[in-house]
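Undergrad: The structure under discussion is supplied below as structure tokens; questions concerning it will follow.
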Amino acid sequence: MSLAAQKRSLWAETWRRFRKNKLAVVGMCIIIALFVIAITTIVIDLVTDKAFYNDHVIKQNLRLRLQGPSKDHIFGLDEFGRDIFLRMLWAVRYSLFMGVFAILFSVIIGSIFGAIAGYYGKVTDNVIMRFMDILLAIPSMLLATAIVAALGTSLVNVLIAIAISYVPTFARTVRASVLTVKDQEYIEAAKALGASDFRIIFKYILPNSMAPLIVQATLGVAGAILSIAGLSFLGLGIQPPTPEWGSMLSSARSYIRDGWHLTVIPGLGIMITILALNVMGDGLRDALDPRLKN
């Protein structure tokens, strides 16, 4: 059987295992739906040159403020008379895409550090991993808050803060995988054939360390979304009037007695997204684990 056929068989078997976990499939469908929503809102903004966004998402109507859910506004109106349903839809892009991009950056940087530490070992391993231990000793939310407070509040700084706070997690994950792979026969064969360390790490070791990394990244996106919402709730993330679930919760604190929907709906949005990512991550972990025969 060719290498390509073996890869197809591996992914087909992984999909078969994943498909059996109905809860994980539901979680995956929710995440796909959120991506579709995020892309759709971006397309609408591009097509209308943000006219729809300005007229329906951020435009205020104080005469209708704090109205509850109705047939005209299924999620009600916020403290400025803005439609919460539309703001929830437009907020998806920030929470989801920022979480994905932050974790993607963390995966790249963490994988490089983890692969170097695990492959070379000794002094290199000690220096890199002790630095990662220092970062791990600081709670990720506290570290992200400190970085944003130092750099200033902006989308880029929030991404940097979240990414840096998750680098140690991926570095340790990749290092553990590299330690189990680097002594395999095909690695020794590559060395005997004169392959460079760069080629061995990026062509042979890292691709065979992807399974735990994919699972950790899926769960990491959930944590990143929660951290982004937390930073926005504290006023260090995305600033009003831009819709974002954490900032919507923060703005609604003063009106929790007058409009329950102002806090419940953004909170449910965060909860459902995090739950969907977690159950999808659990399903991927079970599907990629060869020890589980189902």
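Undergrad: Taking the stretch 102-123 as the search range and keeping residues that are out of contact with any helix residue (DSSP H, G or I) (no Cβ under 6 Å at 6 or more places or on another chain) and either modelled with pLDDT of 90 or more or part of a helix (DSSP H, G or I) (or both), which one is nearest to residue 229 (Cα to Cα)?
TA: Quick first cut of the stretch 102-123, residues out of contact with any helix residue (DSSP H, G or I) (no Cβ under 6 Å at 6 or more places or on another chain) only: 104, 108, 112, 116, 120-123.
With either modelled with pLDDT of 90 or more or part of a helix (DSSP H, G or I) (or both) added as a condition, the list becomes 104, 108, 112, 116, 120, 122-123.
Values: 104: 18, 108: 23, 112: 28, 116: 33, 120: 38, 122: 40, 123: 39 Å.
Filtering first and then ranking leaves 104.
Undergrad: Tally up the residues in the stretch 76-88 that are surrounded by 22 or more Cβ atoms within 10 Å (Cβ to Cβ) and hydrophobic (A, V, I, L, M, F, W, C), please.
TA: 2
Undergrad: Shifting gears a bit: Look through 109, 103 and report the one residue that is closer than 22 Å to residue 214 by Cβ, in contact (Cβ under 8 Å) with a residue 40 or more places away in the chain, in contact with a Gly (Cβ under 7 Å, 6 or more places away or on another chain) and not small (Gly, Ala, Ser).
TA: The unique qualifying residue is 103.
Undergrad: If you go through the stretch 184-195, how many residues are exposed (fewer than 13 other Cβ atoms within 10 Å of the Cβ), free of Cβ contacts under 8 Å to residues at least 12 places away in the same chain and either closer than 11 Å to residue 205 by Cβ or among the small types (Gly, Ala, Ser) (or both)?
TA: So the answer is 3.
Undergrad: Against the conditions (1) more than 16 Å from residue 103 (Cβ to Cβ); (2) of a type in the set (Gly, Ala, Ser); (3) within 15 Å of the chain's Cα centre (by Cα), where does residue 230 fall short? Just the number, please.
TA: (1)
Undergrad: Residue 199 is checked against (1) within 17 Å of the chain's Cα centre (by Cα); (2) surrounded by fewer than 20 Cβ atoms within 10 Å (Cβ to Cβ) and fails just one. What number does that condition carry?
TA: Unmet for residue 199, out of (1) within 17 Å of the chain's Cα centre (by Cα); (2) surrounded by fewer than 20 Cβ atoms within 10 Å (Cβ to Cβ): (1).
Undergrad: Same structure, new question: Do you know which residues across the stretch 244-271 are within 18 Å of the chain's Cα centre (by Cα) and in a loop (DSSP other than H, G, I, E, B)?
TA: Within the stretch 244-271, 244 is the sole residue that qualifies.
Undergrad: When residues of the stretch 222-253 are filtered for being touching a helix residue (DSSP H, G or I) at 6+ places or on another chain (Cβ under 6 Å) and of a type in the set (Ser, Thr, Tyr), how many remain?
TA: Count: 4.
Undergrad: Among the residues that make up the stretch 242-259, is at least one of them without any contact (Cβ under 8 Å) to a residue 40 or more places away in the chain and either over 29 Å from residue 54 (Cα atoms) or of a type in the set (Ser, Thr, Tyr) (or both)?
TA: Taking every residue of the stretch 242-259 in turn, at least one turns out to be without any contact (Cβ under 8 Å) to a residue 40 or more places away in the chain and either over 29 Å from residue 54 (Cα atoms) or of a type in the set (Ser, Thr, Tyr) (or both).
Every residue, every condition in (1) surrounded by fewer than 13 Cβ atoms within 10 Å (Cβ to Cβ); (2) modelled with pLDDT under 90; (3) more than 23 Å from residue 229 (Cβ to Cβ), yes or no:
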| position | (1), (2), (3) |
| --- | --- |
| 10 | no, yes, yes |
| 30 | no, no, no |
| 51 | yes, no, yes |
| 62 | yes, yes, yes |
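Undergrad: For the subset of the stretch 272-288 comprising residues that are aliphatic (A, V, I, L, M) and over 27 Å from residue 246 (Cα atoms), which member is nearest to the chain's Cα centre (by Cα)?
TA: Taking the stretch 272-288 and keeping what is aliphatic (A, V, I, L, M), we get 272, 274-277, 279-280, 284, 287-288.
So of that shortlist, the ones also over 27 Å from residue 246 (Cα atoms) come out as 284, 287-288.
Details: 284: 15, 287: 20, 288: 20 Å.
By that ranking, first place goes to 284.
Undergrad: Can you name every residue in the stretch 136-179 that is more than 18 Å from residue 230 (Cβ to Cβ), surrounded by 16 or more Cβ atoms within 10 Å (Cβ to Cβ) and of a type outside the set (Val, Ile, Thr)?
TA: 136, 168, 170, 171, 172, 175, 177, 179
The values are calculated or read from the model by the stated rules, or taken from the named source; none is laboratory data. Given the structure is predicted, the values throughout are model-derived calculations rather than measurements. Don't worry about glycine lacking a Cβ; one is built from the backbone with ideal geometry, like all the others, and counts go over all protein chains shown.
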